[in-house]
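Below you'll find the structure, written out as structure tokens, and then a few comments.
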Amino acid sequence: GEGGFTLIKGPPGTGKTTTLCALLNALHIRQMNQYFGEVKKLAESYDAVVGKRASLSLSGAARKRPRILVCAPSNAAVD
């Protein structure tokens with residue numbers, strides 16, 4: 001987005017971790033769908049004449065696969 005952050009807070013047992021997991025899952029699915037859409041377009045445009053160029057494009061796309069980094073003050077929190 002445009003930056004900024006959202007704070008999820010509340011007493012124990014109110015679903016903060018569940019909410020965060022669902023949010024991260026939805027974000028990851030959205031990014032992966034966009035990524036696979038782009039890869040599919042590259043794969044469909046594959047032609048024997050430009051095979052090497054398309055192959056290089058596909059390998060470049062593989063390096064741009066979306067990733068999400070989660071940080072927390074303890075290993076148990078990240079798990």
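The values are calculated or read from the model by the stated rules, or taken from the named source; none is laboratory data. This is a predicted model, so every value here is computed, not measured. Cβ atoms come from the backbone with ideal geometry, glycine included; neighbour counts cover every protein chain shown. Note: accessible area is taken over every heavy atom of the protein model, side chains too, but ligands, DNA and RNA are not part of it. Shrake-Rupley method; radii C 1.70, N 1.55, O 1.52, S 1.80 Å.
Things to note:
- Test result for C71, open to solvent by less than 100 Å² (accessible area, probe 1.4 Å) and at pLDDT 75 or above: no
- Output for the range 12-27, where each listed residue is open to solvent by less than 70 Å² (accessible area, probe 1.4 Å) and under 16 Å from V70 (Cβ atoms): K16, A22, L24, A26, L27
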